[in-house]
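Undergrad: Pasting a structure below so you can have a look.
The values are calculated or read from the model by the stated rules, or taken from the named source; none is laboratory data. In this text, all values refer to a predicted model and were calculated from it rather than measured experimentally. As a convention, Cβ positions derive from the backbone with ideal geometry for all residues, glycine included, and neighbour counts pool all protein chains shown. Remember, those area values only see protein heavy atoms, side chains included, never the ligands or the DNA or RNA. Shrake-Rupley method; radii C 1.70, N 1.55, O 1.52, S 1.80 Å.
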Number of protein chains: 2
Amino acid sequence: MLDGRTKGIPGTTEPFALEQIAEKGWNVLNEDLPLPLMVLKRSALDANAQIFGRYLAEHGLSLAPHGKTTMSPQLFAEQLANGAWGLTAATVNQVQVMRHYGVPRVVLANQLLGKTHLHTIDAEINAADDFSFYCFVDSVAQLQNMQRHLGGVPLLRPIRLLIEVGAAGGRTGLRTKAEAAALAEAIGNADQSQFRFAGVAAFEGVVPGIDKTPSLVSDFADLVVDIARALPTSLYAGLDEFLLSGGGSAYFDLVAERFKSIDLNVPVRVLLRSGCYITNDHGSYQSAQNQAKADPKRSWKSDLIPALEAWAYVQSTPEPGLAFLSMGKRDIPYDGGLPVPLKLYRPGVGFLPVGQAEIFATNDQHAYVRLGADTDWQVGDMVASGISHPCTAFDKWRFIPVIDDNYAVIDGVLTFF
Amino acid sequence: MLDGRTKGIPGTTEPFALEQIAEKGWNVLNEDLPLPLMVLKRSALDANAQIFGRYLAEHGLSLAPHGKTTMSPQLFAEQLANGAWGLTAATVNQVQVMRHYGVPRVVLANQLLGKTHLHTIDAEINAADDFSFYCFVDSVAQLQNMQRHLGGVPLLRPIRLLIEVGAAGGRTGLRTKAEAAALAEAIGNADQSQFRFAGVAAFEGVVPGIDKTPSLVSDFADLVVDIARALPTSLYAGLDEFLLSGGGSAYFDLVAERFKSIDLNVPVRVLLRSGCYITNDHGSYQSAQNQAKADPKRSWKSDLIPALEAWAYVQSTPEPGLAFLSMGKRDIPYDGGLPVPLKLYRPGVGFLPVGQAEIFATNDQHAYVRLGADTDWQVGDMVASGISHPCTAFDKWRFIPVIDDNYAVIDGVLTFF
């Protein structure tokens, strides 16, 4: 049930179930909803699912989309219905949310450790007939921590381990073949009813320097493949398939190309974990897409459509060339570039040219905008901005309306951050 | 009811009401709760309420604490019980939350405008016997927008208007006496059953350059007083009191000193809106407090105690001198400095020296830490960090446990962002 405590819901609304939202007849342009408001465009979500699905099929790739981006069970269900192999989580809490909504296969793309976390995972595995759980491991110390906390608990299905490889100067993940060999040995010696090797994983998005030199992604992917190849074949002798997983939302094509080159004595599933394809953006991911399209060596040539818009009022124009929008750090991402004004709507008049306008700073609840000399923004105007970094857009909203191309509210999603 | 969908709640917990949380017997140090976890220290909250309350009493000041900091109705209730005159909100949604929990007097320290927002406010005013609502106005255009959307709706009590004054190059608020005179005239001509002048307000925290030259705060406060003095006395002839409001959590003493100097033909209530005093922090607000203490001209000389700690696991130590904590942009503030590691707890061993350790970057779910040569952090250790900027700490959590000095969970708060 939603009520006026939830940001984005009008204060005069009686409590209602989300499924009834289309019946409200709300339209953003009619000022039926309070601002600021983040909206999701249905047509863009659908187009992106098609575009990305086609790419995966053409290249023989599997997808466990990163659920951390949206943390929205309704979008998870759409992704699974569209053929996702599973879902990816970044934290045990995210796994809990996915299990609450019945997601059958989850990759925790992170180190599992700690008492409560192990107890949660063993309880989830033993509570269901159909839950397959994978997680990353990058050190013997982490494996030992998991073993200690699991104790002698019998599991219906083992925790499937993906050895994480990281880049020097990067983030988590072991760095060398020697470390991988030591960890492989420890995994081989573990109770196989509790822990089972499942493959190798990496995240190329934090390789130092890739923003300037994307070819470093390919070098890193080669390192991952080398380490995977060097593992003792006994480690995966009984496996149906060897998972080789990588791929965020910016360089997944480069990773997939190298990962597909591996040849082992067992079938290999190349599993991407891209999360931001579902909405793309008007900032860093649009730039990454344009960068790929401009590079003749890249296979990713499609146009994902930005699905998120942040709406706010012009609340004050206190000096010439200076305006304030009624949205801030609580509403819009600011970690990968500030939002970009896209559209101006004047209630009672209609859409007008947005003019030259740049958001140059944010406070908790305000955005500072520099206007060009000929830009006509009036107090009470509504401005839609495109955002950069979908992950830190979704996490600022518990409810996001889904709109059609005329800004009518036809659905809504809840998030769990 | 809370369950495993909520960050901070163990996944194995049956749904329960927040009031039952103390009965769980949970202790952070016993790994009973998942990490990352933000915790609120009961003793610090109580100490800060006392320290700040004493300051207000000694200086004859009123407080409408900014609710945007915590957006936690339980903390609102404590603040009102401790003598707060009212609460401050930054958005209409925040007003809605406050009204849901029965807060009787709310200052919307922001421009009110827009169809749905006006309908919400008129509905709230007319639905209760005891709701006094104040908001900022900084332009005739905004007043006209409010008048248009309110239409002929009769109100049980008028919307009380605070003329907002802003600094040149700052944020919202009119800049000059001439603008104030024009707005005062428009307010005087408005339907007084709908809109009533109530005073003058400002926020000194966004005056350009104050981080280097705090005396600019005093200059700005003088401007606010000048503009208030120049208003036509007819505007407040019938008022019981004239509100003069300012004061965030860094320079409130400088503002209060100047505001108290005003002499009008009506009683003046100097109303602070500080929000962060309730938790303070280990970053920007601690620095502001130290700055005040070191300045012989400042009246604020107390030691508020940081009430927030962010706990996370050491999840990986992939290179010498490099460690990763299991918390990131979704869990901790990063807009006013990154968290500072304070404590190291090794399960089964106890507290150990945290050593030399600096968080130097964050991703969505990870913190990058540089360790000194002699710093001993092991995978599975728990680290408590102090944060900078309480507002962007609270807004990353829907539930925050309240702990005693031994890290036992004795209560919890819910937030509504």
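Undergrad: With the checklist (1) open to solvent by less than 20 Å² (accessible area, probe 1.4 Å); (2) closer than 21 Å to A:Ala49 by Cβ in hand, flag the one item A:Leu243 doesn't pass.
TA: All conditions pass for A:Leu243, except number (2).
Undergrad: Determine whether A:Ala84 is aliphatic (A, V, I, L, M) and open to solvent by 30 Å² or more (accessible area, probe 1.4 Å).
TA: Here the answer is no, as A:Ala84 does not meet what is asked.
Undergrad: What residue, among those in region A:102-121 that are out of contact with any Cys (no Cβ under 9 Å at 6 or more places or on another chain) and facing chain B (nearest Cβ under 9 Å), is most open to solvent (accessible area, probe 1.4 Å)?
TA: So the residue we want is A:His119.
Undergrad: Would you check if there is a residue in region A:124-135 being closer than 17 Å to A:Gly248 by Cα and touching a residue at least 24 places away in the same chain (Cβ under 8 Å)?
TA: Yes; the residues of region A:124-135 include at least one that is closer than 17 Å to A:Gly248 by Cα and touching a residue at least 24 places away in the same chain (Cβ under 8 Å).
Undergrad: Further question: Pick from region B:160-179 the residues that are part of a helix (DSSP H, G or I) and more than 12 Å from chain A (Cβ to nearest Cβ): which of them is surrounded by the most Cβ atoms within 10 Å (Cβ to Cβ)?
TA: This residue is B:Lys177.
Undergrad: Continuing with the same structure: Restricting attention to region A:19-52, which residues are open to solvent by less than 20 Å² (accessible area, probe 1.4 Å) and more than 14 Å from chain B (Cβ to nearest Cβ)?
TA: A:Ile21, A:Val39, A:Leu40, A:Ala44, A:Leu45, A:Asn48, A:Phe52
Undergrad: Could I ask something else about it? Which of (1) within 25 Å of the chain's Cα centre (by Cα); (2) surrounded by 20 or more Cβ atoms within 10 Å (Cβ to Cβ); (3) within 13 Å of chain B (Cβ to nearest Cβ) is the odd one out, the single condition A:Ile387 does not satisfy?
TA: (3)
Undergrad: Moving to a separate point now. What's the number of the condition A:Asn189 fails, among (1) under 30 Å from A:Asn290 (Cα atoms); (2) more than 9 Å from every other protein chain (Cβ to nearest Cβ)?
TA: If we test A:Asn189 against (1) under 30 Å from A:Asn290 (Cα atoms); (2) more than 9 Å from every other protein chain (Cβ to nearest Cβ), just (1) comes out false.
Undergrad: Here is a check on your reading of the model: is A:Thr88 among the hydroxyl-bearing types (Ser, Thr, Tyr) and under 30 Å from B:Gln111 (Cα atoms)?
TA: So A:Thr88 does not fit the description; no.
Undergrad: Within region B:279-316, restricting attention to residues that are open to solvent by 10 Å² or more (accessible area, probe 1.4 Å) and of a type in the set (Ser, Thr, Tyr), which residue is farthest from B:Pro214 (Cα to Cα)?
TA: This residue is B:Ser302.
Undergrad: Tell me whether region A:6-15 contains one or more residues that are open to solvent by less than 20 Å² (accessible area, probe 1.4 Å) and in a helix (DSSP H, G or I).
TA: no
Undergrad: Being in a loop (DSSP other than H, G, I, E, B), open to solvent by 10 Å² or more (accessible area, probe 1.4 Å) and modelled with pLDDT under 95: is that true of A:Ser261 here?
TA: The answer is no for A:Ser261.
Undergrad: Within region B:73-80, can one find any residue that is closer than 30 Å to A:Val92 by Cβ, open to solvent by 10 Å² or more (accessible area, probe 1.4 Å) and in contact (Cβ under 8 Å) with a residue 12 or more places away in the chain?
TA: yes
Undergrad: Any idea which of A:Gly205, A:Gly209, A:Gly152 is surrounded by fewer than 18 Cβ atoms within 10 Å (Cβ to Cβ), touching a Gly at 6+ places or on another chain (Cβ under 9 Å) and either part of a loop (DSSP other than H, G, I, E, B) or not polar (S, T, N, Q) (or both)?
TA: Within the list A:Gly205, A:Gly209, A:Gly152, the selection yields A:Gly209.
Undergrad: If you don't mind, another one. Take region B:293-323 and flag every residue that is within 11 Å of chain A (Cβ to nearest Cβ) and modelled with pLDDT under 95.
TA: Scanning region B:293-323 gives no hits.
Undergrad: On to the next question. Is it the case that region B:251-260 has a residue that's aromatic (Phe, Trp, Tyr), over 23 Å from the mean Cα position of the chain (by Cα) and not assigned by TED's automatic domain parsing to the domain that holds B:Ile359?
TA: Scanning region B:251-260, I find no residue that is aromatic (Phe, Trp, Tyr), over 23 Å from the mean Cα position of the chain (by Cα) and not assigned by TED's automatic domain parsing to the domain that holds B:Ile359, so the answer is no.
Undergrad: Pairs only if they're at least six apart or on different chains, beta carbon under 6 angstrom, first in region A:230-258 and over 12 Å from A:Leu162 (Cβ atoms), second of a type in the set (Lys, Arg); list them, first residue then second.
TA: Note: pairs meeting the criteria are A:Ala230/A:Lys177; A:Glu241/A:Arg269; A:Gly247/A:Arg273; A:Asp253/A:Arg298.
Undergrad: Something else now. Determine whether region B:328-342 contains at least one residue that is open to solvent by 20 Å² or more (accessible area, probe 1.4 Å), in a strand (DSSP E or B) and either within 11 Å of chain A (Cβ to nearest Cβ) or out of contact with any Asp or Glu (no Cβ under 6 Å at 6 or more places or on another chain) (or both).
TA: yes
Undergrad: Looking only at region B:264-278, which residues are open to solvent by less than 10 Å² (accessible area, probe 1.4 Å) and among the charged types (D, E, K, R)?
TA: Within region B:264-278, no residue meets the criteria.
Undergrad: For region B:360-384, how many residues are closer than 22 Å to A:Leu112 by Cβ, among the aliphatic types (A, V, I, L, M) and within 14 Å of chain A (Cβ to nearest Cβ)?
TA: 5
Undergrad: Take region B:390-417 and flag every residue that is within 11 Å of chain A (Cβ to nearest Cβ) and open to solvent by 10 Å² or more (accessible area, probe 1.4 Å).
TA: Result: B:Asp395, B:Lys396, B:Arg398, B:Leu414, B:Phe416, B:Phe417.
Undergrad: Which residue pairs have Cβ atoms closer than 9 Å, lie 6 or more positions apart in sequence or on different chains, and pair a first residue in region B:269-284 that is outside any helix (DSSP H, G or I) with a second residue that is basic (Lys, Arg)?
TA: B:Val270/B:Lys260; B:Gly275/B:Lys68; B:Thr279/B:Lys41
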